Amino acid sequence: MSTYYDPADLSKFGNISAFQPELAGKFFEWYGAVFAEGALTQREKSLIALAVAHAVQCPYCIDAYTTDSLQKGATEQMMMEAVHVAAAIRGGASLVHGVQMMNKVNEVSM
């Protein structure tokens, strides 16, 4: 294996039920319901999942939802825009915590 994350492990995801089948079954039932067509299209949900995958930095999810987004008709531009949205939110979340630092500086400096 040349990487820490083995791409072949993605296909083993269903095996997580081996040690706890009841809880895994509940998870997979819920997971399937989440990604079913609803107020959002399956393509929109796939793009959201792709963006979140980048935000949480899950290489398995990035692989899975890149493929899934393409299969559901997303364009390269749509996918990259979703990644940029994730990056903007992640960056903004880091920056907004700067307010805590500024509050602490003001508290300590007084």
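Taken together, the values in this text are just the output of simple stated rules run on the coordinates, not laboratory data. As the structure is a computational prediction, the values presented were derived from the model and not from experiment. A quick note on method: Cβ atoms are made from the backbone with ideal geometry, for glycine too, and the neighbour counts reach across all protein chains shown.
What the table shows:
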quantity: Hits in the stretch 26-43 (condition: touching a Lys or Arg at 6+ places or on another chain (Cβ under 9 Å), surrounded by 13 or more Cβ atoms within 10 Å (Cβ to Cβ) and not polar (S, T, N, Q)); calculated: F35, R43
quantity: Members of the stretch 63-84 that are β-branched (V, I, T), surrounded by 15 or more Cβ atoms within 10 Å (Cβ to Cβ) and under 23 Å from E37 (Cβ atoms); calculated: T66
quantity: Members of the stretch 1-25 that are surrounded by 11 or more Cβ atoms within 10 Å (Cβ to Cβ) and more than 19 Å from C61 (Cβ to Cβ); calculated: Q20, L23, G25
quantity: Of all residues making up the stretch 1-13, the number that are free of Cβ contacts under 8 Å to residues at least 12 places away in the same chain and in a helix (DSSP H, G or I); calculated: 3
quantity: Pairs where the first residue, in the stretch 24-35, is farther than 14 Å from S46 by Cβ and the second is aliphatic (A, V, I, L, M) and in a helix (DSSP H, G or I), C-beta under 7 Å, 6+ apart; calculated: A24/I16
quantity: Among the candidates A86, A55, A93, A64, residue that is among the aliphatic types (A, V, I, L, M) and more than 14 Å from the chain's Cα centre (by Cα); calculated: A93
